[in-house]
Each structure stands twice: as structure tokens, then as C-alpha cells.
Amino acid sequence: MTAQAAIRPRPQTWDLVVRPRTALVRSTVLSIVFSAVPLAVALVWVSFPFRLWALMATVVAVLAVVVGAVAVRIGTAYVGVDATSVAVHGVLSRTKQLDRACVDRVVLVERAALDRSVRELLAFAEDGTYLFRMRSDVWGRSGQDRVVEELGTTVLQEPRALSAREIAERWPTSRAWFERRGPVIGVGLAAVVLVGALLAVETAGLLAR
């Protein structure tokens, strides 16, 4: 008996591929190694005398999975452009793949920040539908310029820098999930619970002494 071997589809080849800035990847790895790892070890260590190490280890494991997923996303993120399609495999956002013909115009706007400005690239369809966004602190200004040049579509430059609130009010659909109120509140509550647990363990240790 013979069976025909399954033919694996060839991976898509892009005319242009833009990846996150090398400095972003390096700073993320260093932050994990020198900040997250010592903090995780300290949390588990101080919980041993109070038999809370299983709970703290579970919390650390969950955080490790989240941090690892973010690190993997940074390493695999890309923006690809070819003759017919555009794919945006972001760091913290879902992957988008759309027809290149849908991209009618690109808006470049400087987002004012405390220490430096960040340039936002916003892509829209002909009817004004928001398509995707690229931030210069993630993809770099040169990466944005390469995407604009490859798309060859209409480019609109905002004459003045806008704040994050002004950008959200002007283009509300361009906000990522982590920039919306619900997720921000959820992350804040999780941080409060984590800090509260750490303080409780430390306080119990001081009282026991």
C-alpha cells in the first residue's frame, strides 16, 4: 500500500519585512534577567517560613508564562508587505492580515511624551476604517518609512504633535486593547493584589521575629 505524502504549504515570502527595534528586544531581555527573575526568587524565598511558597510559586509561574509569551511575541513580531497583502504580527495585539489594496492612506502623527516624542503610523481604508498602527518606539522610524515607501499610498502628516488623549479622541478605534480602560484597571488591580501579598508576607515575617 502506498500513500501520497502531504504537501506542506510554503511559507509566505514578503517583499518587505520590518521587525521590532533591536534595542527593544535587548532591553526586554535585560529587564527580565535583572529585574523579574530576582523579584520572583525573592517572593518565593520569603514565603517559605509561612508555608505560602506554593501560592507564591503559582503566582510566579503565571507571571513567568505571561512574561515568556511577551518575550516570544517580541522575537516573532513583524510587519510584512507584498504585492497583494499586508500582515501585522504585533507584540501585544492580535495578528492582522489584510489586502494591500484596502490601505488607502497613512497618517503620520507625533505623539508628545514627557521625555521624547513617539511617531505613530495609522493606516486607514478609503471609507475611514482603521486598519493598523505602528509605533516608532517599537518598530523604529526607519521601519515606518520603509513601510510607507513600500505601500506607495497617500501619506498625511499632522502639522503638530498630539497628546495620547488627543489621538485617542480623534481616532478612537486605533487604541489597542491594553490602552482601554477595562484592561488597564484589571492590570492595576492585579498589581495591587501582588504588592499587597508581598507586604503581607513581609509583615508576617517581622511579627514572627
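Of note:
- So Gly152, is it surrounded by fewer than 17 Cβ atoms within 10 Å (Cβ to Cβ) and at positive phi: yes
- The conditions of being more than 18 Å from the chain's Cα centre (by Cα) and of a type in the set (A, V, I, L, M) are met by Ala125.
- Here Val86 meets each of (1) in contact with a Ser or Thr (Cβ under 9 Å, 6 or more places away or on another chain); (2) among the β-branched types (Val, Ile, Thr); (3) open to solvent by less than 50 Å² (accessible area, probe 1.4 Å) with one exception, condition (1).
- Entry remark, region 71-83: residues being open to solvent by 30 Å² or more (accessible area, probe 1.4 Å), outside any strand (DSSP E or B) and touching a residue at least 24 places away in the same chain (Cβ under 8 Å) number 3 in total.
- Single residue of region 92-133 satisfying the filter (part of a strand (DSSP E or B) and β-branched (Val, Ile, Thr)) that is surrounded by the fewest Cβ atoms within 10 Å (Cβ to Cβ): Val118
- Test: residue in region 156-177 that is loosely packed, with under 14 Cβ neighbours inside 10 Å, on the phi > 0 side of the Ramachandran plot and either modelled with pLDDT of 90 or more or touching a Cys at 6+ places or on another chain (Cβ under 7 Å) (or both): no
- Hits in region 137-164 (condition: of a type outside the set (A, V, I, L, M, F, W, C), over 19 Å from the mean Cα position of the chain (by Cα) and part of a helix (DSSP H, G or I)): Asp145, Arg146, Glu149, Glu150
- Meets criteria (under 16 Å from Val18 (Cβ atoms) and exposed (fewer than 12 other Cβ atoms within 10 Å of the Cβ)) for Ser136: no
The values are calculated or read from the model by the stated rules, or taken from the named source; none is laboratory data. Just so it is clear, the structure is predicted and the values come from calculations on it, not from any experiment. Counting neighbours? That spans all protein chains shown, and the Cβs are built from the backbone with ideal geometry, glycine included. These area figures cover heavy atoms from the full protein model, side chains too; ligands, DNA and RNA do not enter into them. Shrake-Rupley method; radii C 1.70, N 1.55, O 1.52, S 1.80 Å.
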